[in-house]
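Down below is the structure, laid out as structure tokens.
The values are calculated or read from the model by the stated rules, or taken from the named source; none is laboratory data. Computed from a prediction, not measured in an experiment: that's the story for all the values here. Ideal geometry is used to build each Cβ from the backbone, glycine not excepted, and the neighbour counts take in all protein chains shown.
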Amino acid sequence: MKIVVCAKQVPDTNEVKIDPVKGTLIRDGVPSILNPDDANALEAALKIKDDYAGTDVTVVSMGPPQATIMLKECIAMGADNAVLLSSRAFGGADTCATSTTIAAGIKKVGDVDIIFAGRQAIDGDTAQVGPQVAQRLGLPFVTYVQNVRELNEKERKVVVERQLEDGFEVIEVGLPCVLTAVKELNTPRYMQVGRILYACDEADIKVWNEQDLTLDPADCGLNASPTKVMRSFTPPPKGKGEMLTGTVTEMANSVVGKLHEKHLI
Ligand SMILES: Cc1cc2nc3c(=O)[nH]c(=O)nc-3n(C[C@H](O)[C@H](O)[C@H](O)COP(=O)(O)OP(=O)(O)OC[C@H]3O[C@@H](n4cnc5c(N)ncnc54)[C@H](O)[C@@H]3O)c2cc1C
């Protein structure tokens, strides 16, 4: 089996603030982490590697050179290979251009059976990249995967549970396919000491640019990004809540009165 995991290095959003004047993210001094859903995607791939001898797991990321640190963490968790898609031409990419580049990277890896991605990245938060990559590669996809029930390499199919708001659906999909992971899928493993040393000293992180991917710069980055961000802002804090007092009936009447006042009922 050949598996690719799409992984994005993201700022730890617990630490991110928005510049109130420019409306842009203040990234300075903010630690970068492996996008949490992507850690679940990687764990799913590594679990298959544990169960199916000969499985090869390659992590692919598009980002700046510092994303190699995150890729080394993926190797330390157990991935076999890591590729960074990095070039000035890829800068300013929206999801449309991001997925074009990632799909080209996956094509270059070649003969992939399963592509795992996270459901969404905690910074961009669009949840578009996984399905877009599938569309660009002409592959079927299942989003919100919360369990991989069965993988049948011979019959070239995988059976997964797709999370719904109030349950799940069971979907069988043919290989090759794209699956996007939610956090309920698994608990990502820790990095192993031996693998950390290997990742730091020996692992070869490949770096591919638009020439390596035979992509026209016009199809990459800002040049190929139709999305325009008009404004980013922090929503104003909600007003203070009001505590009601009195008997249950008085409080219930008060709630009904307030809902009437606001024309909500
Ligand atoms: C006009 C515009 C300009 C932008 N310029 C920049 C910029 O200069 N620099 C910048 O960092 N961002 C930029 N962004 C944000 C960038 O478009 C998104 O971060 C990116 O397209 C991914 O979208 P997302 O974060 O919503 O991912 P989602 O769709 O929420 O991610 C879903 C999954 O797709 C995979 N994935 C997503 N992104 C990557 C990636 N890069 N590599 C590997 N796998 C990935 C992961 O598995 C992830 O869990 C820009 C956005 C716009 C609209």
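A few points about this structure:
- Being assigned to a strand (DSSP E or B) and either within 10 Å of the ligand (Cβ to nearest atom) or over 21 Å from Lys183 (Cα atoms) (or both) is not true of Val21.
- Looking only at the range 149-182, and only at residues there that are touching a residue at least 40 places away in the same chain (Cβ under 8 Å), hydrophobic (A, V, I, L, M, F, W, C) and more than 16 Å from the ligand (Cβ to nearest atom), the one that is nearest to Ala103 (Cα to Cα): Leu175
- Within the range 40-66, considering residues that are part of a helix (DSSP H, G or I) and among the hydrophobic types (A, V, I, L, M, F, W, C), the one nearest to the chain's Cα centre (by Cα): Ala41
Residue-wise test of (1) more than 22 Å from the chain's Cα centre (by Cα); (2) part of a loop (DSSP other than H, G, I, E, B).
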position	(1), (2)
Thr187	no, yes
Leu197	yes, no
Ala203	yes, yes
Val207	no, no
His263	yes, yes
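- Among (1) among the hydrophobic types (A, V, I, L, M, F, W, C); (2) more than 30 Å from Val57 (Cα to Cα); (3) away from the ligand (no atom under 16 Å from the Cβ) - the single one Leu197 does not satisfy: (2)
- So Asp111, is it part of a loop (DSSP other than H, G, I, E, B), among the charged types (D, E, K, R) and more than 11 Å from the ligand (Cβ to nearest atom): yes
- Every condition in (1) surrounded by 24 or more Cβ atoms within 10 Å (Cβ to Cβ); (2) within 10 Å of the ligand (Cβ to nearest atom) holds for Ile3 except the one numbered (2).
- All positions within the range 128-187 that are among the hydroxyl-bearing types (Ser, Thr, Tyr) and in contact with a Lys or Arg (Cβ under 6 Å, 6 or more places away or on another chain): Tyr144, Thr180
- Test: residue in the range 65-78 that is β-branched (Val, Ile, Thr), modelled with pLDDT of 95 or more and within 9 Å of the ligand (Cβ to nearest atom): no
- Scanning the range 154-185 for residues that are in a loop (DSSP other than H, G, I, E, B), surrounded by 18 or more Cβ atoms within 10 Å (Cβ to Cβ) and in contact with a Leu (Cβ under 6 Å, 6 or more places away or on another chain) yields one hit, Pro176.
- The range 127-153, subset part of a loop (DSSP other than H, G, I, E, B) and at pLDDT 95 or above, residue nearest to Ala39 (Cα to Cα): Ala127
- Test: residue in the range 233-247 that is at pLDDT below 95, under 30 Å from Val129 (Cα atoms) and of a type in the set (Gly, Ala, Ser): no
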